2 protein chains.
Amino acid sequence: MSSILELIKFITCEFNRSLNSFPLPKKPEYLYGPIKYSLKGKGKRFRPILVHLSGRKYKVDPEDIMKVSLAVELLHCFTLIHDDIMDSDSTRRNMPTLHKRYDISAAILAGDGIFTISQLILNGIESKPTQFLMLYNQMVLEICEGQALDKDYEAKEYITLDDYISMVEKKTGALLAACCYLPAILAGETEDTIKILRKAGEKLGVAFQIQDDLFEIFGDEARMGKSLGSDILSNKNTAIAIESRKQFKSDWNKIVKEFDGENLDLIRNFLEVNKIKNKIEDIAENHFSSAYDSLTKLGFDKYSELYKFIKIIEKRHS
Amino acid sequence: MSSILELIKFITCEFNRSLNSFPLPKKPEYLYGPIKYSLKGKGKRFRPILVHLSGRKYKVDPEDIMKVSLAVELLHCFTLIHDDIMDSDSTRRNMPTLHKRYDISAAILAGDGIFTISQLILNGIESKPTQFLMLYNQMVLEICEGQALDKDYEAKEYITLDDYISMVEKKTGALLAACCYLPAILAGETEDTIKILRKAGEKLGVAFQIQDDLFEIFGDEARMGKSLGSDILSNKNTAIAIESRKQFKSDWNKIVKEFDGENLDLIRNFLEVNKIKNKIEDIAENHFSSAYDSLTKLGFDKYSELYKFIKIIEKRHS
């Protein structure tokens, strides 16, 4: 396991170096100031790492791998900035969100600028199949659809776990899927391979998001870089809330209503005693398994870098 | 002149048909509802018409011309949606702005979605030179820079007319320039030609924006599809305000302070008597002339469709 950790550290380091040395003008300050601020946040770089590991497997030119990884991380950053406005979130990666640090206008514009830069980086890849950018932008539209479903669900009292999973497949899964298949497209892999990588990435995305929902309640505040329990405070339809409401409607509504925004003990205890936590963990597990199954079909075994990295994600604590 | 008017009517009609039949899913409603609403607004379609006339001159495949014209109009629509949020504008094209009709979150997301669709349309053009999308996205980033300068200027008391014109070259000129040169790139025209078309479009953009600033005070409310005088109310640094403040600082500040948001007579009179209106009209005129000069270099004469269309813009009343 140690060699994969070293590899991940190396990729993260090279990626951060590339991102930090990315040429951005100084002016206009109103645009590039906020963009630079938003790129300062130290993310875990899961998406760039996925791109690099997939790119290594399919022997893609290292410079092109770096470009794709920069583009997907910038795209991710753009979606976070706009989502944070929509969800009125005030902390991200241990820093005030962009619209809190500046204002909503500056944050909207910075998001638009970062999204455009991510397109420019991909435009700069010289030899790419015609469908490459088309699939990239279809994926972006899928993320928009996922965010729209998420907002739609805010207004609904009852949604099912299946509804939730379909939403997350778009909102989180589409980008993780792209991290897996975009390098394979550059390598000229078959449509079948792309399809299977896409499925693996989508399942990984769902598992990843459900883990995040669990961390929102059972995680460690310092590690998470933000305050916990905000999903409960805003009565958000996460997998945990949907299952709790389905099984213990009045108890759950009471707990949510009484939550003071700080002490999560009662909620944690409720979810453990009633085995909601177990059930939701199982759903995440099943999605991880499904991702592994897809990868196995493509000849990835448990010694492959991508497989090992997904194992690391599965065991993460934040 | 009548044949150019017929041609413009025909292009507008075909363009609207294409836009209205553009396939958009029904769901999620939260994304596609607002997108459909925003596309209902009947714009004057100056940008698509420019694309079609340039495309006709350079003998570009008609289907590709239509795609480019759809992409630039959607891009324009995206920038209007996000700008309207940033500027807190409440009416656009005789309709409530998107964030007023829905809310800020829905408007941010709809803008992102429309921008992505404009990329997808261009991705779907089969034979395009490698620099085509790169130049498109560089242009988008320029528009973002222009909007950023505009916001920067809001906070400044003194900016010069040159500052203002540099800002408008980006915010309005970059897109009008792209309408002129994108078809020429598809036709494989030389870099020199692209450069001259770009310059013509930028000058046209500045002239166009300065006309708009004048209409904001001297226009007709019904024709403009919005209430007038909002630039004065928000004390915006338009060409008119910059020149008035430069020449008659205290008088102008007094007039702005006393403006009730409705009766523009006093302001109109002030600008006419003091020849500010004349001076600003001359600046617009000079930019139109400069655009014509560039076009003449490329062999466009006064009988050419593009030349005639720009004459129509020059003589417009809203």
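Every read-out reported here was derived from the displayed coordinates using simple, explicitly stated rules and does not represent laboratory data. For clarity, every value in this text was computed on a predicted model and none was experimentally measured. Virtual Cβ from ideal backbone geometry, glycine too; neighbours counted across all protein chains shown.
Assorted remarks:
- If you take all other residues with their beta carbon under 10 Å from the beta carbon of B:Ser290, and give Lys and Arg +1 and Asp and Glu -1, the sum is -1.
- Inter-site label distance for B:Asp220 and A:Phe215 at 7 Å from Cα along Cβ, in nm: 6.1 nm
- Residues B:Tyr303, B:Tyr153, ranked from the fewest to the most other C-beta atoms within 10 Å, line up as B:Tyr303, B:Tyr153.
- Förster-model FRET efficiency, 60 Å R0, A:Gln247 and B:Ser289, C-beta, rounded to 0.05: 0.20
- Mean residue ellipticity (222 nm) of chain B, computed from DSSP H runs ≥ 4 via -39,500 (n - 2.57), nearest 500: -23500 deg cm²/dmol
- Working from label points 7 Å from Cα in the Cα-to-Cβ sense, the A:Asp61 to B:Arg101 distance is 4.5 nm.
- Cut-off under 5 Å, modelled amide H: who pairs with A:Thr91 long-range: A:Thr97
- Chain B - percent relative contact order, Cα under 8 Å, separation 6 or more: 18 percent
- Dipole of the protein assembly as shown, positive end: most advanced residue of B:Leu161, B:Gln131, A:Gln138 [Cβ charges, Cα centre]: B:Gln131
- The slack between A:Lys44 and A:Ala155, meaning 0.36 nm per residue of separation minus the straight C-alpha distance, is 36.8 nm.
- Estimated dipole of the protein assembly as shown in Debye, rounded to 20 [Cβ of Lys and Arg +1, of Asp and Glu -1, Cα centre]: 600 debye
- Residues of the stretch B:161-180 with amide N under 16 Å of the 7 Å Cα→Cβ point at B:Asp282: B:161-162
- Within chain B: Cβ-based charge dipole about Cα centre, in debye rounded to nearest 20 (Lys, Arg +1; Asp, Glu -1): 780 debye
- Ranked by how many other Cβ atoms sit within 10 Å of their own Cβ, fewest first, the residues A:Ser105, B:Ser318 fall in the order B:Ser318, A:Ser105.
- Inter-centroid distance (Cα atoms) of the stretch A:142-203 relative to the stretch A:31-101, Å: 17 Å
- For chain A, complete DSSP H runs whose alpha carbons reach 20 Å or more along their own long axis and whose mean Kyte-Doolittle score is -1.0 or higher are A:2-20, A:62-86, A:104-123, A:131-154, A:191-218, A:276-297.
- Residue pairs, from the table B:Lys195/B:Lys277; B:Lys9/B:Lys279; A:Lys57/A:Lys171; A:Lys44/A:Lys128; B:Lys67/B:Lys151; B:Lys171/B:Lys199, whose Cα atoms sit over 22 Å apart: B:Lys195/B:Lys277; B:Lys9/B:Lys279; A:Lys57/A:Lys171; A:Lys44/A:Lys128; B:Lys67/B:Lys151
- Residue list for the stretch A:215-243, given a label point 7 angstrom along the Cα-to-Cβ vector of A:Glu258 and an amide N cut-off under 11 Å: none
- The stretch B:196-303: GluC sites (Glu not before Pro) in DSSP coil with no more than 16 other Cβ atoms inside 10 Å: B:Glu262
- Rough spin-label spacing in nm, given labels placed 7 Å along Cα→Cβ, for B:Lys27 and A:Asp301: 4.4 nm
- Net dipole in debye of the stretch B:1-160 [+1 Lys, Arg Cβ; -1 Asp, Glu Cβ; about Cα centre; nearest 20]: 780 debye
- Order of A:Phe259, A:Phe309 - criterion: other Cβ atoms within 10 Å of each residue's Cβ, fewest first: A:Phe259, A:Phe309
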